[in-house]
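See below for the structure under consideration.
The values are calculated or read from the model by the stated rules, or taken from the named source; none is laboratory data. Bear in mind that the values here come from a model prediction, so they are computed numbers and not experimental data. So basically every Cβ, Gly included, is an ideal-geometry build from the backbone, and we count neighbours across all protein chains shown. Each accessible area value is taken on the protein alone, full model and side chains, heavy atoms only, with ligands, DNA and RNA left out. Shrake-Rupley method; radii C 1.70, N 1.55, O 1.52, S 1.80 Å.
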Amino acid sequence: MNLTLRVWRQKNAGDPGRMVEYPATGIIPDMSFLEMLDVVNEGLIAKGEEPIAFDSDCREGICGTCSLVINGIAHGGQRGTTCCQLHMRFFKDGDVITIEPWRAKGFPVLRDLVTDRGAFDRIVQSGGFISVNTGGTPDANALPVSKVDSDRAMDAAACIGCGACVAACKNASAMLFVAAKVSHLAQLPQGKVERTQRVTNMVKQMDVEGFGNCTVTGSCEAVCPKEISLDFIAQMNREYGRAILKGTK
Amino acid sequence: MNITNVFASSIGKKFLMAITGLALFIFVALHMVGNLQVFLGPESINRYGAFLQGNLELIWPARIGLLVLVLLHIWAAVKLSAENRAARPQPYVKHEIVAASYASRTMLMSGLIIAAFIVYHLLHFTVQVPAVNLVGQTKLLPTGSFAALEDAKGRHDIFAMMVLGFQRPLVSVFYIIAMALLFMHLSHGLSAMFQSLGLKSPTYGPLIARFAVIASWLIFLGYVSIPIAILLGYGSKYVEALK
Ligand code: FES
């Protein structure tokens, strides 16, 4: 396959950045999108040019590190797929492919296609955990959890925190991410203990980071590689309403 | 965090948006049912009008309440939209719209145009400013204002006002366009409202979606049926007789 890439190049956070065109030749359809970029980068290095910087880690769709907006769609538009699991057979020979980083105030671009997603870490640090004293492993059935609850908690816990929800949202809202974390823990007995303070702190941190507000367009859910449901945002809102009525610090 | 947080936080403002939206939707639905009495003839709608206008102790608190609701709804919308815009300082070079419906992306615009329509609508039928009704001065309306219309029992003739008002095609077309925008606004807003209030769940989601579609269609059809019926000749005999 021979393709034309239009890639966002930006030296550093201060650089205004621009789109640069690169040919991608001799691409095998079975390559993943990131492997295709590796091939292009090898060519650039051979020519003595600066390779295209992009994030990746596991390359098997489970870590949430890869983060590319491909042809205007976060992760490229294959349902339930991260861009590291998107394969070149998804494209046609001769295609022109645009590649951009996530764009949001909360995710400043560090270089080319790499953004700083520390905002998500800070949101999780503000409450996306349960406080338990260390000690012996608890007995497996000491805390009963219904099948329905554990399934729903698992659905929310599937979030890999890649930030595609923010990237796709017209408001750069992080509510699907925060909702997944809040709902996951609020569903389970271990997490219920701190549910009120958790949602208070996490939403506060989300606002501080400068993410936008949900207008229920559903774009986030559509691009989410883990297909996290919009229903979790309703659950977070419910948790938040409860916290307002109870009153928290 | 306490209840004042509805003015400060992101989700708080969404609550404000949803609650004021719900209250305004209820008003819009009741107002439509009230208006539809025009199809029961002059006696019904004129009696209804006289009842409302005769209860100043009720109508003014209602008006002030509605004004507060509208202002809060608009304030939250403008504030949230400004934050949304600030959240993406640099736009995408190429952006593909995924899943987001046209109505969901244009809520601010449809809302602001509806707000402009409401101002016109109040000038037209409530304040009865002659300049906006496009009827001109006639024997029936010596000053051009609908305020001069009186029925046989000495009540304000709402029936004649509605017929004369909507007989002007331009007025009716503007009204129908505004109702189409209201339809769009509600088609997204009614389900988003449940989502914002946290009332949506896998069980209730489908029911809420159906409610939003049916309710926005009923509101649209209910409202536009009046100007359309009048343009097709409804009530013209009654006004001819007055002249
Ligand atoms: S690199 Fe880990 S999910 Fe793509």
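Excluding ligands, DNA and RNA and using a 1.4 Å probe, chains B and A jointly bury around 3600 Å² of accessible surface, summed across both partners.
Each Lys and Arg adds +1 at its Cβ and each Asp and Glu adds -1 at its Cβ; summed about the Cα centre, segment A:132-249 shows a dipole of about 360 debye. Placing pseudo-labels 7 Å out from each Cα toward the beta carbon at A:F90 and B:I74 gives an inter-label distance of 4.5 nm. Eigen-decomposition of the gyration tensor built on the alpha-carbon atoms of segment A:3-111 gives equivalent ellipsoid semi-axes of 20, 18, 13 angstrom, largest listed first. The local environment of B:S191, defined by Cβ-Cβ distances under 11 Å, has a net charge of +2 under the rule Lys, Arg +1 and Asp, Glu -1. Calculated on the Cα set of segment A:117-245, radius of gyration then Dmax: 14.6, 47 Å.
Of B:F125, B:F183, B:F51, the residue with the greatest mean-square motion in the GNM of chain B, using alpha carbon springs below 10 Å, is B:F51. Among residues other than A:K249 with Cβ under 13 Å from its Cβ, the summed charge is +2 (Lys and Arg +1, Asp and Glu -1). Taking the Kirkwood radius as Rh and the Cα radius of gyration as Rg, the protein assembly as shown has a ratio of Rg/Rh equal to 1.09.
Note: relative contact order over chain A, using C-alpha pairs below 8 Å and six or more positions apart, is 20 percent.
Just the Cα atoms of chain B, one point each, no solvent: what log10 I(q)/I(0) does Debye give at q = 0.10, 0.11, 0.13 Å⁻¹? Computed log10 I(q)/I(0) values: -0.58, -0.68, -0.90.
For segment A:117-245, carbon and sulfur atoms together expose 53% of the accessible surface, with a 1.4 angstrom probe and every protein chain in place. According to the Cα-based calculation, Rg over Rh for segment B:118-243 is 1.13, with Rh computed by the Kirkwood formula. For chain A, modelled as a GNM whose springs connect Cα atoms under 10 angstrom apart, the maximal fluctuation among A:A74, A:A167, A:A24 occurs at A:A24. For segment A:66-127, the share of alpha carbon pairs falling in successive 5 Å distance bins from zero is 4, 17, 22, 21, 16, 11, 6, 2, 1, 0 percent. Remark: accessible surface ordering of B:H95, B:H73, A:H75 (largest first) is B:H95, B:H73, A:H75, probe radius 1.4 Å.
Between 0 and 90 degrees, the angle of helix B:10-35 with respect to the longest Cα principal axis of chain B falls at about 20 degrees. Rounded to the nearest 10 degrees, the angle from helix A:33-46 to the longest Cα principal axis of chain A is 40 degrees. The sum of -39500 (n - 2.57) across all DSSP H runs of n ≥ 4, divided by the residue count of the protein assembly as shown, sets its helix-only mean residue ellipticity at 222 nm to -16500 deg cm²/dmol.
Taking label positions 7 Å along the Cα-Cβ direction at both B:L112 and B:A50, the computed distance is 4.4 nm, reported to one decimal.
Among B:L80, B:L232, B:L149, the largest mean-square fluctuation in a Gaussian network model of chain B, built with springs joining Cα atoms closer than 10 Å, belongs to B:L232. Placing a label point 7 Å from the Cα of B:F211 along the Cα-to-Cβ direction, the residues of segment B:12-42 whose backbone N falls under 15 Å of that point are B:18-27, B:29.
Describe numerically, in nm with one decimal, the distance between label points set 7 Å from Cα along Cα→Cβ at B:A180 and at B:I3. Here the modelled spin labels are 4.2 nm apart. Taking only the C-alpha atoms of segment A:200-249, the Rg (one decimal) and the largest Cα-Cα distance, Dmax (whole number), read 12.5, 35 Å. Summary value for chain B: 26 percent relative contact order, contacts being C-alpha pairs under 8 angstrom separated by 6+ residues. Residues B:R168, A:R195 ordered from highest to lowest accessible area at a 1.4 Å probe: B:R168, A:R195. Averaged per residue, segment B:3-242 has 51 square angstrom of accessible surface, using a 1.4 angstrom probe with ligands and nucleic acids left out. Going out from 0 in 5 Å bins, what whole percent of all Cα-Cα distances in segment B:131-176 drops into each bin? Going from the shortest bin to the longest, the percentages are 5, 22, 30, 24, 12, 5, 1. For an R0 of 41 angstrom, estimate the FRET efficiency from the Cβ-Cβ distance between B:R63 and B:S225 and round to the nearest 0.05. After rounding to 0.05, the efficiency reads 0.95. When A:L68, B:L36 are compared by accessible surface with a 1.4 Å probe, the order from highest to lowest is B:L36, A:L68. Calculated accessible area for segment A:68-165 comes out at 49 Å² per residue, all protein chains present (probe 1.4 Å; ligands, DNA, RNA ignored). A probe of 1.4 angstrom, applied to the heavy atoms of all protein chains, finds B:E83 with accessible area near 60 square angstrom.
The calculated FRET efficiency for the pair A:S146 and A:E227, based on their C-beta separation and a Förster distance of 22 Å, comes to about 0.45.
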